[in-house]
Amino acid sequence: MSLPQDFLDKMQQLLGEEFDEFIKSYDHEKSHGLRLNLLKTSMESFKEKNKLTLDSIPWVEEGFFYKGEERPGKHPYHEAGVYYIQEPSAMSVGAFVEAKPGEKVLDLCAAPGGKSTHVASQLGQKGLLVANEIYPQRAKILSQNIERMGVKNAIVLNETPARLAKHFPLYFDRIVVDAPCSGEGMFRKDVVAQEEWSLENVKLCATRQNEILEEAAKMLKPGGRLVYSTCTFAPEENEQAIAQFISHHPEFEIESVNAYESFKPGRGEWSQIAVGGIEKTYRLWPHYINGEGHYLAVLRKVCGEDADLKREYVKPLKKDKSLNDFFDFAKDTLKDVPHGDFVLFGSELYLVPEGMLTFDKLKVVRAGWHLGTFKKNRFEPSHALALSLLPEDVKHYVSYPQDSNEIKSYLKGETLSHEGDKGWYLVCVDGYSLGWAKLVNGTLKNHYPKGLRWM
Ligand SMILES: C[S@@+](CC[C@H](N)C(=O)[O-])C[C@H]1O[C@@H](n2cnc3c(N)ncnc32)[C@H](O)[C@@H]1O
């Protein structure tokens, strides 16, 4: 691997005697990880069914290393959202967020969705997750991952941090800033990060991180908690970004977090501005752990005004006969009819998480739990609805084993045979929901989305 010379010189200067150990880590194979989606499975249930060779990741209970030759991304469990493939060090960010069911959480730089889907599993479908991404194409991928993981209480937005800050002042209990960075910690994994790296780019990233942190601070409630992370080693984007922020924001403190023993303290001597607590931030080094380079800081807004803001909330649809086709579908198919605030985007029906502010002026990619589409005289359930349901939530389901021909056929878009009452069936793999099929005269018509079908 030929790393940029300016990067090597800088790291040598920063690390001194430790540099040799650091550089040797580039000879090791990168690590691979997957994180179980606790919205879809318990650890016990997964372990009973799993056939992959996995080893526990010591810093995330539901995280596992897998070997490079395994292909968990091409497995029915992946399509069912049973797990999310995520770089092992990156899982530490979600673990530091520690969201509690019922809270309002913002993931400000969220695509493709590693931290958002982790936080969603902590929220357990209760509360609100706003997952935001500035680039439209990446926001789409984020939305697809939120769907695949069966998340009901997430809004996906495509906004700038500044526009969000105007919309959500002092609103969130927790905010994740997984900042765009120079990516030095990913050099072992990502050649593009190496090619795009320069000393100049590190400076640009640091300026942008500062701007993002400023906007994030405006959206956090007093008492709220902000987790900042990067996947780079550059002190400008880590200790210096945090020190600069703290020095301008006396309402924030760096909070201590109990972390895995081989995570190393942030380096106060690299922060340029002397502020208390930099050693309570964490550095994840590839020569100390089996994972890539990361930096993490947890900030608490310890004081600040809890302004009595006039908030405008989402205006739900009236539950009149325009929703009848949905309620007919729900009564025939689901054991409990969903209730709450319904909204329509065109003919797409969503249930908005409780406490969500108005969508006015926001670029909305996903307005909450996507239930389905109103077609002429009928309602067609969405793939998102199927993925968010458990077999016990529906009146009819079929479940086939992971290696079965039925599962392969279903993922290819083929019909299956089945005897039973006509209507919508949840198709499951080992009890994990995968999609819809409609039973008519002994044939399950396939409703697995065309764009997702296996070749
Ligand atoms: C490190 S990545 C996020 C990874 C994501 N949190 C995950 O776990 O999957 C940083 C994200 O910030 C986005 N970004 C780039 N510029 C930004 C800006 N000025 N404000 C907010 N986000 C930005 C990038 O498009 C990228 O998706």
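A few comments on the model shown:
- Residues that are within 11 Å of the ligand (Cβ to nearest atom) and either buried (at least 16 other Cβ atoms within 10 Å of the Cβ) or in contact (Cβ under 8 Å) with a residue 60 or more places away in the chain (or both), drawn from region 195-207: Cys205
- Set His339, His370: member being part of a strand (DSSP E or B) and closer than 26 Å to Ala99 by Cα: His370
- The residues listed here are Gly413, Gly368, Gly372, Gly435; of these, the one that is over 30 Å from Lys104 (Cα atoms) and among the small types (Gly, Ala, Ser) is Gly413.
Let's see how each residue does on (1) in contact with a Lys or Arg (Cβ under 8 Å, 6 or more places away or on another chain); (2) more than 18 Å from Ala90 (Cα to Cα); (3) at pLDDT 95 or above:
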site: Gln194; (1), (2), (3): no, yes, no
site: Asn201; (1), (2), (3): no, yes, yes
site: Leu204; (1), (2), (3): no, yes, yes
site: Glu214; (1), (2), (3): no, yes, yes
site: Pro222; (1), (2), (3): yes, yes, yes
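- Among the residues of region 264-292, those that are crowded, with 21+ Cβ neighbours inside 10 Å and more than 19 Å from Arg225 (Cα to Cα) comprise Ser271, Leu284, Trp285, Pro286, Ile289, Gly291, Glu292.
- In this structure, Ile254 does satisfy being away from the ligand (no atom under 15 Å from the Cβ) and closer than 27 Å to Pro169 by Cα.
- Qualifying positions in region 125-177 - under 22 Å from His339 (Cβ atoms), within 12 Å of the chain's Cα centre (by Cα) and not in a strand (DSSP E or B): Ile146, Glu147, Gly150, Val151
- Residue list for region 344-363, filter: surrounded by fewer than 18 Cβ atoms within 10 Å (Cβ to Cβ) and among the β-branched types (Val, Ile, Thr): Thr358
- Residue-level check: of (1) within 15 Å of the ligand (Cβ to nearest atom); (2) within 20 Å of Leu299 (Cα to Cα); (3) crowded, with 24+ Cβ neighbours inside 10 Å, Gly185 misses just (2).
- Test result for Ala90, within 14 Å of the ligand (Cβ to nearest atom), of a type outside the set (Val, Ile, Thr) and either under 17 Å from Asn258 (Cβ atoms) or touching a Cys at 6+ places or on another chain (Cβ under 8 Å) (or both): yes
- Residue pairs whose Cβ atoms lie under 8 Å apart, sitting 6 or more positions apart in sequence or on different chains, and linking a residue in region 148-168 that is polar (S, T, N, Q) to a partner that is assigned to a helix (DSSP H, G or I) and at pLDDT 95 or above, are Asn153/Ala120; Asn153/Leu123; Asn158/Pro136; Asn158/Ala139.
- Looking only at residues in region 118-176 that are of a type in the set (Ser, Thr, Tyr) and in contact with a strand residue (DSSP E or B) (Cβ under 7 Å, 6 or more places away or on another chain), the one that is farthest from the ligand (Cβ to nearest atom) is Tyr171.
- Taken across region 88-102, residues that are under 15 Å from Lys40 (Cβ atoms), over 11 Å from the mean Cα position of the chain (by Cα) and modelled with pLDDT of 95 or more do not occur at all.
- Checked against (1) surrounded by fewer than 24 Cβ atoms within 10 Å (Cβ to Cβ); (2) away from the ligand (no atom under 11 Å from the Cβ); (3) modelled with pLDDT of 95 or more, Glu69 meets all criteria but (3).
- Evaluated against (1) over 25 Å from Lys104 (Cα atoms); (2) outside any loop (DSSP other than H, G, I, E, B); (3) not basic (Lys, Arg), Leu385 falls short on exactly one condition, (1).
- Residue, nearest to the ligand (Cβ to nearest atom), within region 224-240, restricted to residues that are under 21 Å from Ala95 (Cβ atoms) and aliphatic (A, V, I, L, M): Val227
The values are calculated or read from the model by the stated rules, or taken from the named source; none is laboratory data. Just so you know, these numbers come straight off a predicted model, no measurement behind them. Reconstructed Cβ throughout: ideal geometry from the backbone, glycine too, with neighbour counts over all protein chains shown.
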